[in-house]
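Each remark here refers to the structure printed beneath this line.
Each value in this text was obtained by applying a stated rule to the coordinates, not by laboratory testing. Just so it is clear, the structure is predicted and the values come from calculations on it, not from any experiment. When we count neighbours, we look across all protein chains shown, and the Cβ atoms used for this are built from the backbone with ideal geometry, even at glycine.
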Amino acid sequence: MRKKSIKTTVLCLLGFLTLFSVMGQQDPNRAFYRYTMNLVNPAYAGADMGIEGRGVRTGSEVGMNLRSQWANIEGAPESQSVFYGTPMGKNLGLGVTIVNDQTFIENSTSINVDVSYKVQLSEVTVLYFGIKAGANSYNANLSGLTTYGIGSDPSLNDIDGGFNPNIGAGALVKGEHFFTSLSVPRILNTERLEQEDGRATYAASKAHVYLAGGYDFELSGTLKFKPSTIFRYVEATPLSVDLTAAFSFNDRVEIGPSYRIREGIGGLFIFNAANWIDMGYAYEAPFDNEIASQSNGTHEVFIKLKM
């Protein structure tokens, strides 16, 4: 009985936290951010990149990312993403991204088309610019608020946001051993829920800014050290920072720890099964003791195909 009571308390706490930050909440954090940048930066659309650190490769790519946060807690965040990119002529690239997020009483889906343009800065350094255009759908079942002890504004009904337009932009600099990425994938505001004084009210989502970078150190003919980081900024919310220190062996296996400041620690593993497919798994453990005691951590799966 006590165990059930503790779990209910945790659920209520998570519900409060989720709805309190939803106005400026960040899009899902991803352990495989370095390999799924197409989802947040349109400059990656069709870029001649392949898997980072394996040289320039041309051709189309399709990838998938599945993330289950705080597994074993009912209604905890889940995200499913698919992205596709292909070169279009000498300097243009085209991409498509689809992201579906579910968090407690909320469900959102975004579909976007990305276009990139390449500028050759030197023999080994390339600059990409990208723009994004698409639509976002947002729905919330307000009857579920009672589960988490939050009231709702009497003027609110179940939110069916339909599809709202979205635009975004980004830039990418890629060298022989490094990359730097800056993007704002969502510029236009859309309506969603916010928790205010213990009640749910309408609010507007805010722009997300992503800054990422990484460098590949050649330690030997078969070993590389590949540190990387990503910063996520949303107005009125704490800055989110990921640090990853991966090692690549023979360009076939990549493994290393990851650290999200103030939030959790984990690790990732990527296996290059063939020249045309990479598969990965990541696990994260939260620092919050209450969440950690009730969940089985966060699990993430990544697949990228080269066509």
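Computed values, structure above
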| quantity | calculated |
| --- | --- |
| Förster-model FRET efficiency, 25 Å R0, THR222 and ALA273, C-beta, rounded to 0.05 | 0.90 |
| Residue order, fewest to most surrounding Cβ atoms within 10 angstrom, among LYS304, LYS132 | LYS304, LYS132 |
| Residues PHE163, PHE302, sorted so that the one with the fewest Cβ neighbours within 10 Å comes first | PHE163, PHE302 |
| In nm, spacing of pseudo-spin labels at PHE163 and HIS177 (7 Å Cα→C-beta vector) | 4.6 |
| Ranked packing of 171-177, 134-140, most packed first, by mean Cβ within 10 Å | 134-140, 171-177 |
| Per-residue Cβ neighbour rank within 10 angstrom, fewest leading, MET307, MET279 | MET307, MET279 |
